[in-house]
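This report concerns only the one structure given below.
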Amino acid sequence: MRTIIEPFRIKSVEPLRKTTREERERLLERAGFNLFLIHAADILIDLLTDSGTSAMSTAQWAAMMLGDESYAGSESFYRFQAAVRGLTGFRHVIPTHQGRAAERILFTVMCRPGDVVPSNTHFDTTRANIEFRGARAVDLPVDEAADTQSQHPFKGDLNVAALEELIRTEGRDRIPLVMLTVTDNSGGGQPVSMANLEAVRELTLRHGIPFYLDACRFAENAYLIHTREHGYRNYFTPRDIAQKMFRLADGCTFSAKKDAFANIGGFLCTNDDRLAEQEKNLLILTEGFPTYGGLAGRDLEAIAVGLEEVLDPDYLEYRIASTAYLGRHIADQGVPIVEPPGGHAIYIDAGRMLAHIPRHQFPAQALAVELYRHAGIRSVEIGTAMFGDNARHELLRLAIPRRVYTQSHIDYCVEAILEVNEYKARIRGLEMVYEPQFLRHFSARYRPL
Ligand code: F0G
C-alpha cells in the first residue's frame, strides 16, 4: 500500500469551536494583533507550536498513574533516568520543568560575561538566556540556509569553516561551549547531518571545547538522517541514529514538550561530574530536588514512555510525511516555503510571498493575522518581530502538534492558505506599538497600517 496513514486511532476527542469572521476581527483588535494573546478557545486549528501540544498515548496516560510523588528518590525518577541514559548515554540526567530551565542552568554555570556561544541557529529562548548572562549568541548556519528555495537536504548544518575562524579570532577561552540545535527550529526546521555533527565533534575536541546538543527534536532529525543521508537508510534504525548523535556530544538540553510527547518537562545532561554538581546546586535553588527538578513524578513517567514511542519508525514515517504533505500542497501552488519540508513545521517565506511589505512592517506577522482572520488558524511569526535585526528571514511557521490533527484538518489549512495567497496583494503591514524588553514577540502589540 502507498497510503501512509496515521499509525494510531482516536479514543478521546476535544471539540473545536468555530468563530465568525466578525468575532475574529474583534478578537484581533483586543489582542493587539498578537496571536499569543488570543484565547485558545477562539482558535479553530492551532499551529502556534508543536511544544507541549502533543496527544499522549494510552501507554503514557497509564504510566502517569504509576507516578511516584516522593520528594526524594522517586521510582519515577529512576525510570526516567534509565530511559534518558539508554537513549543518550550521558552520565548525569537533570530533570527540569522545560527546556529553557535547562538552558538557564547550563549557561549560568558555563558562561561568563563577554563569552561567545556559537550554534547553527540559536532558538529564541537559548539566545535570550545566553544574552541574559552577558554572553553573545552567534549563529553560524551553512550558506545554503540563506536561500529558502535551496533543496539542500541538511540546511540545519553548522558552517564548520566559520566556526574554525570564530575560534581563531575569539580565542578558545572565550568559547565555553558550541551548541547544535537539532533540528534547526529558527532556521526553518531543517535537519543537521551526521557528517556535520561529526565534523563539529572533531573540531571542538581538537580545541577542547565542550559540544552540546539542543536536542528538542532529536527523533525527527534522526529520521531525516535515515532518509536523506547516504549510508543511513539500510543499516540504521532511527534509534541507532539518535544514539549515535547523542554519543558525539558532551551534553544536551532537551525540552520534553517536543519529541517526548509530554505536555511539560525537560532535562539537562552532561558527562562532566564537576559541572553536574554545580548544575544540581542551582537546580535545587530554583527548580527542585534533583530527582524531580520541578516536575511531578507522573510527568517523569510520561517522558520516559514518550522517549521510547517517538522513535517508532511508523510514527516517524507518518510524522515526516504529513508535514511534507502540507508543504507540498501549498508550495506546488505557488506559496513559497522553506524548502525542503523539515520535521515539525512548514515555514512560509512571508518576505517573499508579501514582497510589498517591508521588514520593519512585519510581513510574517501580517500573514499570521490574516490567516487567523480568514480561517481561524493560529501560526507564529519567526522573523523581525521575534529576532529583531538578527532575523535572517521573515517566516511564518505552521507548527504541527504531534498526533493531534488529521488529514482533513491539514486539507482545511491548505485551502485557507491558498485562498489567502489569492488576495495577498491586499494584505497590509503592521506597526509595533508596544515592545517589552525580553522576548518581545510574546507580548508585543501592533496596529495595522
Ligand atoms: N530549543 C528549541 C530548539 C526550541 O524549539 C524550544 C522551544 C526550546 C529550546 C525551549 O524549550 O519551550 O520547553 O522551554 N520551542 C517552542 C516552539 C516554544 O514553539 O518552538 P521550552
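Observations on the model:
- When the listed pairs LYS258/LYS280; LYS155/LYS244; LYS155/LYS257; LYS11/LYS258; LYS244/LYS280; LYS11/LYS280 are checked against a 30 Å cut-off, the alpha-carbon distance exceeds it for LYS11/LYS280.
- For the chain, the longest principal axis of the C-alpha atoms and the axis of helix 218-228 are separated by about 80°.
- Length gained on full extension, ALA146 to ARG447: 105.4 nm, using 0.36 nm per residue less the C-alpha separation.
- Rolling a 1.4 Å probe over the protein heavy atoms gives the stretch 1-159 an accessible area of 50 Å² per residue.
- Only helices enter this figure: runs of n ≥ 4 DSSP H residues, each worth -39500 (n - 2.57), summed and divided by the residues of the chain, yield -12500 deg cm²/dmol at 222 nm to the nearest 500.
- Normalised by the number of residues in the chain, the mean separation of alpha-carbon contacts (under 8 Å, six or more apart) gives a relative contact order of 23 percent.
- Here the calculated FRET efficiency for ASP389 and VAL433, from their Cβ-Cβ distance with R0 = 22 Å, stands at 0.70, rounded to the nearest 0.05.
- Translational diffusion of the stretch 111-251 was estimated from the Stokes-Einstein equation, with Rh taken as the Kirkwood radius over Cα pairs; at 20 °C and 1.002 mPa s the coefficient is 142 µm²/s.
- Length-normalised contact order for the stretch 306-395 - Cα pairs under 8 Å, 6+ apart - percent: 20 percent
- Here the convex hull built on the C-alpha positions of the chain has a volume of 142 cubic angstrom per residue.
- On the basis of the beta-carbon distance and an R0 of 60 Å, ARG172 and THR20 show a calculated FRET efficiency of 0.50.
- Take the Cα of ARG426, step 7 Å toward its Cβ, do the same at GLU308, and the gap between the two points is 5.4 nm.
- Magnitude of the charge dipole for the chain, about its Cα centre and with charges confined to Cβ atoms of Lys, Arg (+1) and Asp, Glu (-1), is about 440 debye.
- Among beta bridges that DSSP assigns inside the stretch 66-218, antiparallel share in %, nearest 5: 20 percent
- For the stretch 58-309, relative contact order (Cα pairs under 8 Å, six or more residues apart, normalised by length) works out to 32 percent.
- Inter-site label distance for LEU282 and ALA40 at 7 Å from Cα along Cβ, in nm: 2.9 nm
- Rounded tilt (10° steps) of 363-375 against the dominant C-alpha axis of the chain: 60 degrees
- For the stretch 58-309, the alpha carbon convex hull comes to 116 Å³ per residue, rounded to a whole number.
- Degrees, to the nearest 10: 21-30 long Cα axis against longest axis of the chain: 50 degrees
The values are calculated or read from the model by the stated rules, or taken from the named source; none is laboratory data. Predicted model only: the values in this text are computed from it and were never measured. We place every Cβ from the backbone using ideal geometry, glycine too, and count neighbours over all the protein chains shown. What goes into the accessible areas is simple: the full protein's heavy atoms, side chains included, and nothing from ligands, DNA or RNA. Shrake-Rupley method; radii C 1.70, N 1.55, O 1.52, S 1.80 Å.
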